[in-house]
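No lab work stands behind these numbers, since they all come straight from the coordinates. Computed from a predicted model, the values in this text were never measured in an experiment. Backbone-built Cβ (ideal geometry, glycine too); neighbour counts: all protein chains shown.
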Amino acid sequence: MTSSPRKPELRRRSSWSLRVICFYLSVLCYVIALVRPALYLERNQGALRGLGAWSLGGNLLLVGWLGILFGQYAWFANLPLFAGWAAIYRNQRILAAFWGGVSLVVSSHALELFRTPLPGVESQNDSEILKALGSGYYLWILSMFLVVLGAMLGRSAGATEVATQSDGARRF
């Protein structure tokens with residue numbers, strides 16, 4: 001009995017790397033965070049003491065830059081996040097990890113709102129304080145973490161060339 005020659009396995013190389021998956025998941029989390037409640041601010045003075053409302057992520061994206069006027073700069077974590085996206089898209093892993101890390105550090109300043117009241121909108125005697133974090137906030141943080149994770153787990157273009165050198169053996 002003769003055996004037929006074995007056909008070589010054809011491996012199809014996937015274009016979906018961990019870096020690409022983390023990039024798209026990061027953008028998806030960010031977009032979902034824009035339509036989810038992010039911060040629950042409650043009045044802590046004045047006639048409406050105790051009343052509060054959720055702020056959606058999209059609203060915070062539009063007006064959050066004004067926080068610099070009263071010492072709240074967590075909104076500016078969006079800028080290094082966007083830079084991290086650009087770096088991870090261009091396969092610049094070190095820059096992506098750096099910008100993702102910077103965005104995580106800057107975003108942590110939002111936690112300061114638990115103890116520092118925001119000036120009220122209606123009068124000078126009115127102020128608001130953060131009482132709870134919503135899913136939008138956590139998705140926003142997750143999008144930053146995914147940039148760092150994608151930069152750490154993904155392979156650079158140079159590593160791919162080294163992995164498939166002359167003998168064809170894959171090295172990691």
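Listing for the model above:
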quantity	calculated
Net charge dipole size for segment 18-155 [Lys, Arg +1 and Asp, Glu -1 on Cβ; Debye, nearest 20]	540
Label-to-label distance, nm, for residues given as residue 17 and residue 54 (7 Å Cα→Cβ offset)	3.8
Linear extension gain, residue 69 paired with residue 94, 0.36 nm per residue minus alpha-carbon span	5.7 nm
Three-way shape call for segment 18-155 based on the alpha-carbon gyration tensor, with the a/c threshold at 1.5	prolate
When segment 72-133 is reduced to its Cα atoms, the Kirkwood hydrodynamic radius in Å	13.1
